[in-house]
1. Quick one: in segment 111-129, which of the residues that are part of a loop (DSSP other than H, G, I, E, B) and of a type outside the set (A, V, I, L, M) is nearest to ligand 1 (Cβ to nearest atom)?
2. Within segment 217-238, is even one residue under 18 Å from residue 101 (Cα atoms), modelled with pLDDT of 95 or more and among the aliphatic types (A, V, I, L, M)?
3. Go through segment 148-166 and count every residue that is open to solvent by less than 40 Å² (accessible area, probe 1.4 Å), of a type outside the set (Phe, Trp, Tyr) and more than 19 Å from residue 64 (Cα to Cα).
4. When the residues of segment 328-352 are narrowed to those that are open to solvent by 10 Å² or more (accessible area, probe 1.4 Å) and within 12 Å of ligand 1 (Cβ to nearest atom), which ends up nearest to residue 237 (Cα to Cα)?
5. Determine, yes or no, whether residue 440 is within 19 Å of residue 228 (Cβ to Cβ), open to solvent by less than 70 Å² (accessible area, probe 1.4 Å) and within 19 Å of the chain's Cα centre (by Cα).
6. List the number of the failed condition for residue 162; all other conditions in (1) among the basic types (Lys, Arg); (2) closer than 29 Å to residue 447 by Cβ; (3) within 13 Å of ligand 1 (Cβ to nearest atom) hold.
7. Could you give me the residue pairs with C-beta distances under 9 Å whose first residue belongs to segment 196-211 and is touching a residue at least 40 places away in the same chain (Cβ under 8 Å), whose second residue is within 16 Å of ligand 1 (Cβ to nearest atom) and among the basic types (Lys, Arg) wherever it lies, and which are 6+ apart or on separate chains?
Amino acid sequence: MAAAQQYRAETASFMDWFTQRNPGEPEFIQAVREVAEVVVPYMVDHPKKGYREAKILERMTEPDRVFIFRVPWMDDRGVFQVNRGYRVQMNNSIGPYKGGLRFHPTVNLSVLKFLAFEQIFKNSLTTLPLGGGKGGADFDPKGKSDAEVMRFCQSFMTELCKHIGAVTDVPAGDIGVGAREIGYLFGQYKRIRGNFTGVLTGKSLTYGGSLIRPEATGYGNVYFSREMIEHVDRGLDGAVCSVSGSGNVAQYTVEKLNELGAKVVTVSDSSGFVHDPEGIDSEKLAFIMALKNERRGRIKEYAEHFKCQFFEGQKPWGVACDYAYPSATQNELDLSDARSLLDNGCKGVFEGANMPCTHDAVAFFHENNVMYAPGKASNAGGVATSGLEMSQNKLGLSWTREEVDGKLTGIMRNIHQQCVKHGTLDGKRVDYVKGANIAGFEKVAQAMMSQGLV
Ligand code: NDP
Ligand code: 2IT
């Protein structure tokens, strides 16, 4: 059988098996397909490694365990509420489970399994000893008072604390979970378990947090994009950039792009996007941070305040830009968005969010020579800096801003080099999906082989 045919046949056979085992989990299937399309051919090409016989991919796609639990809490009117909490412990071959908690009404098992699966490869790429996990709840923090969020977090942690620990499983933030929620969660963990350990990352500086952790995902993505752009001899200075989202990742993406001389012309939230052709400078970014992190308002207020256009219910991908940084949520950029980005001159797409581009959008970028960075490589700066927070907690030390930023920059550069090593196609062209998946997979697969059938 010709190689290409064998790759296709073996990938299809794996995906048939996997899809049948995970009905009704489209996001998880999407994430696994992207990996299988790279890793199955890699295993076919390297039979001596023994990965197929050891069922490495079959084992990697089956969580070590999943906890699902009731989260009862009382709202400010005295009404009882019930949400569903989760923790997916996916793989701890190279370190304790590590990955964020997401509080959003769309959270379900498929979403968390996809995120936990992605986290295995992302964490492996950081070069730090971090396994893969993810958790969260279908709780919507929007419109809730601080007291309601605190009661919810306390109830959530009352169950979660049985399953996590500084050397077992270390959660952090994700959508809907920021410094406020991490504080309430940490407080409850400490109260129940009676120990003060680095059981969560993304903590505030006063109780064991790391400098640069809030900035790390956005900064890291911009560092990664700079590596990619410089790899083909272009620069970020003067580039027009489009960002989606206006939360943690988006905010620090805008900040670092400004610092490097680029101009950001869009941000968004789930109700629409703003187009500011003048650019979102540091003063305007300070407005967004106060709006989103303190007043918890809607991005439409930016357009009203700075007198620019707001596009209700729309995504920013129709706006002309050199580079795009999707930083909101999964599947927020589809094939038609990819087409309009290219039509409007976009030369590169760098994922701040997890899996924001659909499978066919990614294929379109590859076919049309648009640079594309998968989130497991480009947004790994957040979890990498969480790893640095864990190290500081274990040492009982706090590193300076410059030290942490220097390590983050080095980690992002190293991830880029790993992608180039495993993903270079011809000349300078790099398939970052291939590079990231092979590099991320190889380390975890080797660890699994060494540890036997567990
Ligand atoms: P935040 O909660 O701080 O911000 C999320 C942003 O995305 C908000 O602007 C939100 O709008 C928007 N958004 C969320 N859901 C949707 C939706 N269904 N449709 C449109 N917009 C939506 O989260 P983060 O910035 O932390 O996370 C953003 C992305 O980055 C996620 O994919 C996350 O998994 C990923 N990520 C985060 C890391 C981190 O360290 N925080 C690390 C690596 C990746 P609204 O306010 O209206 O809900
Ligand atoms: O998707 C991610 O990598 C995160 N939400 C950060 C995880 C972490 O443990 O810092």
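The values are calculated or read from the model by the stated rules, or taken from the named source; none is laboratory data. Fair warning: this is a prediction, and the values are worked out from it, not measured in the lab. FYI the Cβ positions are ideal-geometry reconstructions off the backbone, even for glycines, and counts take in every protein chain you see. Surface accessibility is based on the protein's heavy atoms, side chains included, excluding ligands, DNA and RNA. Shrake-Rupley method; radii C 1.70, N 1.55, O 1.52, S 1.80 Å.
1. Checking each candidate, the answer is 126.
2. No, that holds for no residue.
3. Looking only at that region, the number is 5.
4. Ranking the qualifying residues of segment 328-352, first place goes to 328.
5. For residue 440, the condition - within 19 Å of residue 228 (Cβ to Cβ), open to solvent by less than 70 Å² (accessible area, probe 1.4 Å) and within 19 Å of the chain's Cα centre (by Cα) - is met.
6. Every listed condition holds for residue 162 apart from (3).
7. 201/98; 201/213; 202/213; 203/213; 209/203; 210/203
A quick yes/no check of all residues on (1) in contact with a Pro (Cβ under 7 Å, 6 or more places away or on another chain); (2) farther than 20 Å from residue 330 by Cβ; (3) modelled with pLDDT under 95; (4) open to solvent by less than 50 Å² (accessible area, probe 1.4 Å):
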| residue | (1), (2), (3), (4) |
| --- | --- |
| 79 | no, yes, no, no |
| 84 | no, no, no, no |
| 87 | no, no, no, yes |
| 93 | no, yes, no, yes |
| 97 | no, yes, no, yes |
| 101 | yes, no, no, yes |
| 106 | no, no, no, no |
| 110 | yes, no, no, yes |
| 113 | yes, no, no, yes |
